[in-house]
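What follows is a short report on a single structure.
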Amino acid sequence: MEELRFTKDLRTLTIDPEFRDLIPPLAEDEHRLLEDSITANGCESPLFVWNEIIVDGHNRYEICQKHSISFAVVEKDFADRDAALMWIITTQLGRRNLTAYQKGELALKFEPLMKARARKRQSTSTGGAVPQLTQNSAEAEKGEARDQIGKLAGVSHDTIKKVKKLAGAADDETKQKLRRGDVSINKAYNELMQKEHDGETKVCERCHEEKPVSDFHI
């Protein structure tokens with residue numbers, strides 16, 4: 001049950017690096033606007049905490065500490081750390097104007113949590129002292145998780161697949177462009193795949209001639 005502390009004060013809260021780093025950082029102009037608002041009007045929105053750990057409001061907390069501005073808090077009650085992580089991710093997905101890549105990148109952070117829960121549900125599928133998922137259930141788990149992640153982010157299953165590939169293999173400059181919306185996911189993905197398959201050839205099913213892989217839509 002949530003408990004709102006209406007009395008504002010300047011207090012020290014705990015910053016959990018994993019919780020903080022789940023949240024896409026504010027752009028420089030966004031941070032400046034937030035800081036200007038808080039210094040002019042005070043911290044109007046409460047910070048959300050769980051056992052004195054910030055789960056929402058890291059930027060507001062940093063600004064309030066910097067300028068000695070008091071703030072209110074809302075006490076959240078989560079069953080465990082995983083529940084807190086899920087709440088942070090869904091809250092951010094529903095709040096900010098994120099690019100499709102940022103949404104996919106953020107939603108993918110759900111994948112380990114989803115897989116852990118699926119394994120727990122299905123762990124008795126092979127029996128034994130150390131039960132393992134069967135091949136079929138493992139494949140079903142993989143597809144189900146990706147579908148859930150795509151639905152959570154509001155993007156397609158195929159987009160989540162591309163975001164995951166880009167997040168793991170694209171260079172930092174490309175990732176920054178994707179986060180800003182300067183390049184589309186499809187364009188960045190196709191360029192990455194063409195680069196990875198440079199020099200490879202493939203037989204065209206229509207003309208039966210061997211051509212560079214880059215000539216095909218990957």
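The values are calculated or read from the model by the stated rules, or taken from the named source; none is laboratory data. Remember, predicted model here, so these are calculated numbers, not experimental data. In this analysis, Cβ positions are derived from the backbone assuming ideal geometry, glycine residues included, and neighbour counts consider all displayed protein chains. In case anyone asks, the SASA skips ligands and DNA or RNA and just uses the protein heavy atoms, side chains included. Shrake-Rupley method; radii C 1.70, N 1.55, O 1.52, S 1.80 Å.
Within the range 131-166, the residues that satisfy the criterion of being open to solvent by 40 Å² or more (accessible area, probe 1.4 Å), modelled with pLDDT of 85 or more and either of a type in the set (A, V, I, L, M) or touching a Leu at 6+ places or on another chain (Cβ under 8 Å) (or both) are Lys164, Lys165.
Within the range 68-82, restricting attention to residues that are open to solvent by 50 Å² or more (accessible area, probe 1.4 Å) and either within 10 Å of Asn51 (Cβ to Cβ) or not small (Gly, Ala, Ser) (or both), which residue is modelled with the lowest pLDDT?
Residues of the range 68-82 that are open to solvent by 50 Å² or more (accessible area, probe 1.4 Å), as a first pass: 68, 77, 79-82.
With either within 10 Å of Asn51 (Cβ to Cβ) or not small (Gly, Ala, Ser) (or both) added as a condition, the list becomes 77, 80-82.
Working: Asp77: 93, Asp80: 92, Arg81: 92, Asp82: 88.
Residue satisfying both the conditions and the ranking: Asp82.
For the range 20-65, the tally of residues that are outside any strand (DSSP E or B), farther than 26 Å from Arg180 by Cβ and either small (Gly, Ala, Ser) or out of contact with any strand residue (DSSP E or B) (no Cβ under 7 Å at 6 or more places or on another chain) (or both) stands at 7.
Would you confirm whether any residue within the range 12-33 is more than 27 Å from Thr99 (Cβ to Cβ), open to solvent by 50 Å² or more (accessible area, probe 1.4 Å) and either hydroxyl-bearing (Ser, Thr, Tyr) or without any contact (Cβ under 8 Å) to a residue 24 or more places away in the chain (or both)? Walk me through it before giving the result.
At the first step, the residues of the range 12-33 found to be more than 27 Å from Thr99 (Cβ to Cβ) are 12-14.
Those still in the list that are open to solvent by 50 Å² or more (accessible area, probe 1.4 Å) too: 12, 14.
Now narrow it down to the ones that are either hydroxyl-bearing (Ser, Thr, Tyr) or without any contact (Cβ under 8 Å) to a residue 24 or more places away in the chain (or both): 12, 14.
Yes.
If I filter the range 180-201 down to residues being part of a helix (DSSP H, G or I), at pLDDT 90 or above and within 16 Å of Lys103 (Cβ to Cβ), which single residue comes out as most open to solvent (accessible area, probe 1.4 Å)? Out of the qualifying residues, it is Asn186.
The one condition from (1) of a type in the set (Val, Ile, Thr); (2) assigned to a helix (DSSP H, G or I); (3) surrounded by fewer than 19 Cβ atoms within 10 Å (Cβ to Cβ) that Thr7 does not meet is (2).
Of all residues in the range 39-50, those satisfying the criterion of being under 21 Å from Thr91 (Cα atoms) and touching a residue at least 12 places away in the same chain (Cβ under 8 Å) are Cys43, Ser45, Pro46, Leu47, Phe48, Val49, Trp50.
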